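Notes follow once the structure below has been shown.
Only the coordinates and a few stated rules stand behind these numbers; no lab work does. This structure is a prediction, so every number in the text was calculated from the model and none was measured. Glycine gets a Cβ as well: all are built from the backbone with ideal geometry, and neighbour counts include every protein chain shown.
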Amino acid sequence: MRRSRPRDLGRSWSDVLDGWFFALSGVTGVWFAYVLLRDGVRPGWPTLLLLVFWLFFSYLVLPRLHRILTSIYLPGYFVGRTRTSDGLLGDPVNLGFLGSEAHVHGAMTVAGWTLADELDVRSAVRIVRSVLRRRSYAGAPVSPLHLFDRRQDFAYEQEVAGTPSQRHHIRFWRCPDGWLLPGGFRADWLAAATFDRGVGLSWFTLQFTHRIDEDTDVERDFVVETVCAAVPGAQVSVIENFSSGYHHRNGGGDRIRTDGDLPILDVRCARAAAVVDAPASRPAPVVASRLPDVPQAVLVGAGIALARATTYGLGAVLYAVRESATTLAVAVVVLAVCEAVLALAVLAGWNWARLLLVAGCSVTAVAAMTISFLGHQPPVGLGQLLTVGGSILVLLALSSQEARDFATGRSAVPVRAGTPT
C-alpha cells in the first residue's frame, strides 16, 4: 500500500533539490556524451562507443536538454498545440468531440478505425518487426503527446497498404470538467489528427520516429468525413479561425500547416461502445504501488541501480576470494547493499530513497566530471561505463518528472478545470 504523506511540509525543499538534480543531469549528460564521442573516434573496438554515444545523446541527453529549455520559454497555458514528452511543441489540436467516452469509441469503431495499443516494450518490439518485415500491425501504438499536462487518453488509427509505416491516426484527450475552449466554446474531448507518411530520424532529437504529412487539415477533414459517413446523425460545427493559420514544425521536426479552423463533432447519437479495453477506462492507481503501476523511468533507474549493485557485490566477493583483501571487499559489499536497498525503496514509492540514490549518483558523476576537467582523461572503459555512465543513467531516470510524481504521489492527483498544458 502507498503511504499517505504530509503534502505541504516537505514539498518545497524536495522541489528545490529536484530542480538542481534535473539541471545537473543535463550538464553531466552532455559531458559524458562528449567523452563517449571523444573516445569513439579512435581506431579499433572503441568505435563501438559511437553507437553508445548516439543512443545516449539522442534518447537521453537531448530530450533532457529540450525539457529544461522548454520549461523556461514555452507558456504553460492552452495554446492549441500538443507537447512531446520532451516538452517540445507537437502536433496541432485540430478536432473537438462532444459525447461520452463510450460514444467516441462507438463512432470511431463503426467508422473503421482501430484502437491503438498501449506503448510498452512488447508493442514497441512488435512495431519494429512489422516495419522491418513490412507486415500489418493494425493496432500499432502511437508515441505519447501531452495536453492538459498528461498524455493522450487513447488513440485510433487506420493503416495504409497494410504497413504501420504509413497510417492515419488521431489522439484523444478528455477535457477537464468545466473547462471551456478560448472564446467560451465547449468540447468534451480534444484531438490531434495527423497522417504518418513514413519513418525517419527526428531533426530535433535524432531519434527514429514517424514522419507526418505537412497538411494536417487534410487528415482533420478525413476524420470528419469517415465519422459522418458511418454515423448519419453526427453533427459538425466549425469554429472558424480558432487559431491563426500558420506554418511551423512539430516536435519531430516535420513541417506542419493548418488554416486554424476547429471542427467540433457531436457524436452523442452514436451507438455507445464498450470501453473495457480502452486505455483511458483503466482506473489510475491511487493507493497501490504494485510493480505494473511503476512508471517506466522508475523501473529503468531502479533497475540499473540494482544491476550495478549486484555486479559490484559479486565482483567484491570474487576479489576477496582471490586477493584476500577482505576490508576493501566488505566496504564495497556494504555500499552495494545500500544501493540495492535504496533501489528497492524507490520501487516501493519512497521519495527519500529516490533523493538519496539520486544524490549519491550525482556525487559520483560530478567527481568524475571534475577529475576530467582537471586534465586526467583516461579512455572510457568498462569500469567507467558501469560507474559513471550508470550513475548518470540513474540520475536522468530518477530526476524525471515522471519519477518525481510517482515518488511524491502527485501522479494520482486528478485533472481539474483550468489545468494548463
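Brief remarks on what is shown
- Between Trp20 and Thr47, the contour length at 0.36 nm per residue exceeds the alpha carbon distance by 6.4 nm.
- Neighbour-count ranking [beta-carbon atoms within 10 angstrom, fewest first] of Thr311, Thr387, Thr82: Thr311, Thr387, Thr82
- Each of His105, His66 was scored by other Cβ atoms within 10 Å of its Cβ. Arranged with the fewest first, they read His66, His105.
- log₁₀ of I(q)/I(0) at q = 0.15, 0.29 Å⁻¹ - the range 14-53, Debye sum with one point per alpha carbon: -0.45, -0.84
- If the segment from Val128 to Val27 were pulled out straight at 0.36 nm per residue, it would be longer than the present Cα-Cα gap by 33.2 nm.
- Stretching the chain fully between Glu225 and Leu385 yields a gain of 52.2 nm (0.36 nm per residue, less the alpha carbon separation).
- Sites Ala307 and Arg255 - FRET efficiency at Förster radius 35 Å, r taken between beta-carbons, to 0.05: 0.25
- Inter-label distance, nm, simple model (7 Å from Cα along the C-beta direction), Gln296/Arg197: 2.7 nm
- Estimated inter-spin distance, Asp149 and Val337, nm [label 7 Å along Cα→Cβ]: 4.2 nm
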